[in-house]
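**Q** I'd like to ask some things about the structure below.
The values are calculated or read from the model by the stated rules, or taken from the named source; none is laboratory data. On a predicted model such as this, the values are computed, not experimentally measured, just so you know. Using ideal geometry, Cβ is built from the backbone for each residue, glycine included, and neighbour counts are taken over all protein chains shown.
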Amino acid sequence: MAKQGVANTAIGAAICRLIEQYQPDESRLFNDPIVGELVGTTFRFLMRFVSMRNLTMKQMDAITDGIYGAQVCRTRYIDDTVQNILSQRIKQVVILGAGLDTRAYRLPEMNRVKAFEVDLPIVQNAKRKKIKEYLGRLPENITYAPIDFDTQTLETVLIETTYDVSEPTLFIWEGVTQYITEEAVREVLTFVGKSAPGSVIIFSYVLKSIIERRSDIPNADKMMDSVAKRSPWIFGLEPSDLQAYLQPFHLALTADVENAYYQERYLKPLKRDLTVFKGEHMVQAVVTRP
C-alpha cells in the first residue's frame, strides 16, 4: 500500500467536510468546527472562496459523478449512527484508519466513552500535533494507536493499550477497506468478531464489480485509472455476498446503505440537489458470538 497516497486521501475527505461547512445552516448535513484546523493553513484559506470550493467539487466529480456527495453523506450517516448507538449502551469506540476524522472531538456522546484512534503513524502524528494546538491538550479519553493494516494486526496493536476485550465496542471503519488487501480486511473482521457480543462495526466498501472493472456505473474504469496513480483500490465486496461474507466472523448484517438511502433520508428533506456516487456502500453489523 502506498502509505503517502493513502495519507493524502485523509486530506481529501477532510476538505469535503470543510466545504460542507459553508452550506447554509438549514441545508448543511453536519457541523464540523474542527476540520478547518486539520487541513492546514493553505487549504483553509483557499476554501474560504466560493470559486475554489466549486472548482474543488467539480474536479472531484470530473472523474466519476458523486464523489463529493458520497463523502459528506457517509459522514452524516456515520454521525447519526454513532450518536444513536452511544446513547444506548456502548462505552468503548475504536476508529480504524481514523485519518482526520473529528468525531471524537465534536460529537458530545464521544466525551463519555473511551476512544481509540488507529491509523498510520504518518497521519496520526500530524493530526495529534494539530489537535493539541487547537485544543491546548490531547483529550484524556482518547488513545492513539499507530498501525499499518497490511503488516500489523489490530489485536497486537490494541493489546498494548487500555482496550478492554470484555467491553462491547463500536468500531468505525470509514474509507479504508478498498485500499488494503483482503487478508488485512479479514484480519480486522476476525478481531471484531471476537469482541464482546453486542459490539457493532460500521464500515464502508467499494463494489467489487468496480475493482474488477466490470461495473456498469458510468466512468467506473476511469475512476480506477485515477486512483491507481495515487493509492490503488484493491478490495471490494458485492451486496448480494455481504451477509455470507460476514457470517464466519460472527457478524450479523443489520444495514447495507447506498446512495438511494442518502437521497431519501438526507438530501430530499434538505432540498439538496447533490449527486452521490453509486459505487460505495456503508455497512452496519453486530457481533452475535455466544
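**Q** How about the range 207-218: which of its residues are within 15 Å of residue 281 (Cα to Cα) and part of a loop (DSSP other than H, G, I, E, B)? Let's see the steps before the verdict.
**A** To start, the set of residues in the range 207-218 that are within 15 Å of residue 281 (Cα to Cα) comprises 207-211, 215, 217.
215, 217, listed by residue number.
**Q** For residue 252, all conditions in the list (1) more than 24 Å from residue 195 (Cα to Cα); (2) outside any helix (DSSP H, G or I) hold save one; what is the number of the exception?
**A** (1)
**Q** Give the range 210-234 a look and list any residue that's of a type in the set (S, T, N, Q) and under 22 Å from the mean Cα position of the chain (by Cα), or say none. Explain how you work it out, then say what you get.
**A** Pass one, the range 210-234, residues of a type in the set (S, T, N, Q): 215, 219, 226, 231.
226, 231, listed by residue number.
**Q** Just to be sure before I move on: is residue 62 among the small types (Gly, Ala, Ser), at pLDDT below 90 and out of contact with any strand residue (DSSP E or B) (no Cβ under 6 Å at 6 or more places or on another chain) in the structure I sent? Working first, answer last.
**A** On the way: among the small types (Gly, Ala, Ser): yes; at pLDDT below 90: yes; out of contact with any strand residue (DSSP E or B) (no Cβ under 6 Å at 6 or more places or on another chain): yes.
Yes; evaluated as a whole, the condition is true for this residue.
**Q** I would also like to ask the following. Could you list, in sequence order, the residues of the range 20-64 that are among the hydroxyl-bearing types (Ser, Thr, Tyr), part of a loop (DSSP other than H, G, I, E, B) and without any contact (Cβ under 8 Å) to a residue 60 or more places away in the chain?
**A** Here is the first cut: in the range 20-64, the residues among the hydroxyl-bearing types (Ser, Thr, Tyr) are 22, 27, 41-42, 51, 56, 64.
Filter once more, so that each one left must be part of a loop (DSSP other than H, G, I, E, B): 22, 64.
Within the range 20-64, 22 is the sole residue that qualifies.
**Q** Something else about it: Whether any residue in the range 141-148 is among the acidic types (Asp, Glu) and surrounded by 15 or more Cβ atoms within 10 Å (Cβ to Cβ) is what I want to check. Walk me through how you get there before you give the answer.
**A** Taking the range 141-148 and keeping what is among the acidic types (Asp, Glu), we get 148.
Next cut, surrounded by 15 or more Cβ atoms within 10 Å (Cβ to Cβ) only: 148.
Yes, there is a match, as at least one residue in the range 141-148 is among the acidic types (Asp, Glu) and surrounded by 15 or more Cβ atoms within 10 Å (Cβ to Cβ).
**Q** Give me the pairs: first residue in the range 227-238 and within 14 Å of residue 204 (Cβ to Cβ), second residue of a type in the set (S, T, N, Q) and in a helix (DSSP H, G or I), beta-carbon distance under 6 Å, and six or more apart or on different chains, which are they?
**A** From residues that are within 14 Å of residue 204 (Cβ to Cβ), the pairs are 233/178; 235/177; 235/178.
**Q** Residue 221 passes all but one of (1) part of a helix (DSSP H, G or I); (2) at positive phi; which number fails?
**A** (2)
**Q** Still on this model: Can you go through 237, 242, 253 and tell me which one is in contact with a helix residue (DSSP H, G or I) (Cβ under 7 Å, 6 or more places away or on another chain), surrounded by fewer than 19 Cβ atoms within 10 Å (Cβ to Cβ) and at pLDDT 95 or above?
**A** On the way: 237 fails: surrounded by fewer than 19 Cβ atoms within 10 Å (Cβ to Cβ); 242 fails: in contact with a helix residue (DSSP H, G or I) (Cβ under 7 Å, 6 or more places away or on another chain).
That would be 253, the only listed residue that is in contact with a helix residue (DSSP H, G or I) (Cβ under 7 Å, 6 or more places away or on another chain), surrounded by fewer than 19 Cβ atoms within 10 Å (Cβ to Cβ) and at pLDDT 95 or above.
**Q** From the list 70, 98, pick out the single residue that is crowded, with 20+ Cβ neighbours inside 10 Å, in contact with a Gly (Cβ under 9 Å, 6 or more places away or on another chain) and under 20 Å from residue 179 (Cα atoms). Show your work before the answer.
**A** Details: 98 fails: in contact with a Gly (Cβ under 9 Å, 6 or more places away or on another chain).
Answer to the selection: 70.
**Q** Assuming residue 204 fulfils every condition listed in (1) hydroxyl-bearing (Ser, Thr, Tyr); (2) assigned to a loop (DSSP other than H, G, I, E, B); (3) in contact with a helix residue (DSSP H, G or I) (Cβ under 8 Å, 6 or more places away or on another chain) apart from one, which condition is it?
**A** (2)
**Q** Moving on. With the requirement that a residue be over 17 Å from the mean Cα position of the chain (by Cα) and either assigned to a loop (DSSP other than H, G, I, E, B) or of a type in the set (Ser, Thr, Tyr) (or both), what does the range 235-249 give you? Even if it seems obvious, please write down each step before you answer.
**A** First pass over the range 235-249, keeping only residues over 17 Å from the mean Cα position of the chain (by Cα): 238-249.
Within the range 235-249, 238, 240, 245 qualify.
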